[in-house]
Each structure stands twice: as C-alpha cells, then as structure tokens.
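The values are calculated or read from the model by the stated rules, or taken from the named source; none is laboratory data. From a predicted model like this one, the values you see are computed outputs, not experimental measurements. So basically every Cβ, Gly included, is an ideal-geometry build from the backbone, and we count neighbours across all protein chains shown. The protein model used for the area step is the full one, side chains on, heavy atoms only, and it has no ligands, DNA or RNA in it. Shrake-Rupley method; radii C 1.70, N 1.55, O 1.52, S 1.80 Å.
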Amino acid sequence: RDPLWSRGLGDVYKRQAFVRYELSADGKRLLFTKHDAVFELDIDKLSYKKLFNEPHKSYVANYDSRNKYDVIYSSNHSGQWQLWQYQRATGEPGEHSQLTYRGGYSGRIIGQYLYYSKFTVDGLWRKKLTEPNEELVIKDFSRINWLNWHVINNKLYFYREATGIWQFDINTDTEQLLMAKPDNWIHQYTVSPDQQHIFWVRFKPVEGDIYQYTF
C-alpha cells in the first residue's frame, strides 16, 4: 500500500476521478484541490494539510512565482469564476484578495502581470496587478489549456487542438510551434525545466490477446 494512503491521504482521494497537481519550484510540495478546498502535500514528510476550505469553493490552484508559499486559485463562490490570491506570509490562516473581476480560471503571475485563462471564453489574458484593465494576449488559446499551460523563464507553453504544442515568448510577444500534433495525442503534456524535452501522453485503443489453456 502507498504510504500516503496509510497517513490518511486516502480519505482525500476517495471517489476521486481526476486530480491536477502543481509542483512547487523546489520540488518539495504538491498543491491540489478536492471538495472545494486546497490541499498541500509535503513530499519529504509524506503528510498533507488543508490550506483553506469553503466558502471559497476553490479550484485550479497554482503557486505564486513571487512567493513560494502564496497561492493563486480560482473560485466561483461569488457566482462567477474569478482568480484570487491566498497569502500565507501574513500568518495563518492567511488572507484572500480578489485578482480578477471580468472572469478568471487558471492564472500565473509573471513580473508585474497576471496571465490567465477564463472558464467560458477562449483566450489567454493578462492584466497588471495594480490596474483593472485587461488585454487579450493569445486569441487562439483553448479554455482546456488550464490543465497544462505553464511558464519557464518567460516562455509560455500551451497547445492548439489543430496543430500541437506552442511556445509564446513573453518578452517579445512572438510564438512558435514546438511539436506538431501526433496521432492519438491526448492533450496531457509537460515541458522539462531545461526546456529541452516535452513529455506527452498518447492514447492507444484497448487491445486483447487470445490464449489457450490446456486442461
């Protein structure tokens, strides 16, 4: 049995069909959501804790690149999906502040900007953290990208359903196709930290073999 289950994590995963993880920059913690709450797993200690719970109704949690303990997450507790910031540096249980007011679902802070997708509208958006106005950065950016889009050294990685995995340079606002969409590709992938490799998932049909048993 997995040691995580023996420490009670099995209760969190019960009836869980899918969990999206966010790995901390130092590789020591995992962030995930379950039952409208945000959990953090300490990999070395094999222990987890709930960071906060309802009424925030949180989902799609990412670490804040400026502070390794702060979290950017989405919540629909106000009736519409918006992005919020949870600051633990201010002390437990921490403070919550709203980042978007015109929709936000999966977000990351890069420099002075918040980059984010929305729940009902395709596109990648950004806004200065200190200003209310937003701008559309990538128009052909599917909403399903909330699963995998990420940023490494100001290079933003995302996919287009018809073509494959793309890289968007935040400094120059230019993009290039990195990997053409292969056959039977499931849009699950990650880019290595050195930006030299792409790991991706291919769907294969279920196959069966015929065996003979002699009795």
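See the values below:
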{"item": "Surface per residue (accessible, 1.4 Å probe) for the range 31-81, Å²", "result": "47 Å²"}
{"item": "Kirkwood-Stokes translational diffusion coefficient of the range 101-202, alpha-carbon pairs, 25 °C, 0.890 mPa s, µm²/s", "result": "175 µm²/s"}
{"item": "Whole-Hz couplings from phi, Karplus 6.51/-1.76/1.60, listed for the range 143-157; x for Gly and Pro", "result": "4, 5, 5, 4, 5, 10, 5, 8, 10, 10, 6, 6, 10, 9, 10"}
{"item": "List Asp122, Asp183, ordered by accessible area with a 1.4 Å probe, largest first", "result": "Asp183, Asp122"}
{"item": "Value of D in µm² per second that Stokes-Einstein yields for the range 38-181, Kirkwood Rh from Cα pairs, at 25 °C (0.890 mPa s)", "result": "154 µm²/s"}
{"item": "Val38 long-range amide H proximity, modeled H, under 5 Å", "result": "Leu51, Phe52"}
{"item": "Amide H contacts under 5 Å for Leu99, placed H, 5+ residues apart", "result": "Leu83, Trp84, Gln85"}
{"item": "Which of Phe52, Phe203 is most accessible, then next, and so on - probe 1.4 Å", "result": "Phe203, Phe52"}
{"item": "Cα centroid of the range 135-210 to Cα centroid of the range 67-121, whole Å", "result": "23 Å"}
{"item": "Local net charge near Asp140, Cβ-Cβ under 12 Å (Lys/Arg +1, Asp/Glu -1)", "result": "0"}
{"item": "All-pairs alpha carbon distance profile, the range 36-77, 10 Å steps from 0, percent", "result": "27, 52, 20, 1"}
{"item": "Carbon + sulfur, % of accessible area of the range 93-187 - ligands and nucleic acids excluded, 1.4 Å", "result": "47 percent"}
{"item": "Accessible surface, the range 90-189, averaged per residue in Å² (probe 1.4 Å)", "result": "51 Å²"}
{"item": "Sites Asn133 and Lys50, calculated FRET efficiency, Cβ-Cβ separation with R0 30 Å, nearest 0.05", "result": "0.30"}
{"item": "Where Glu22, Glu161 fall by accessible area, highest first, once all protein chains stay in place (1.4 Å)", "result": "Glu161, Glu22"}
{"item": "Heavy atoms of Arg143 accessible to a 1.4 Å probe, total area in Å² rounded to 10", "result": "100 Å²"}
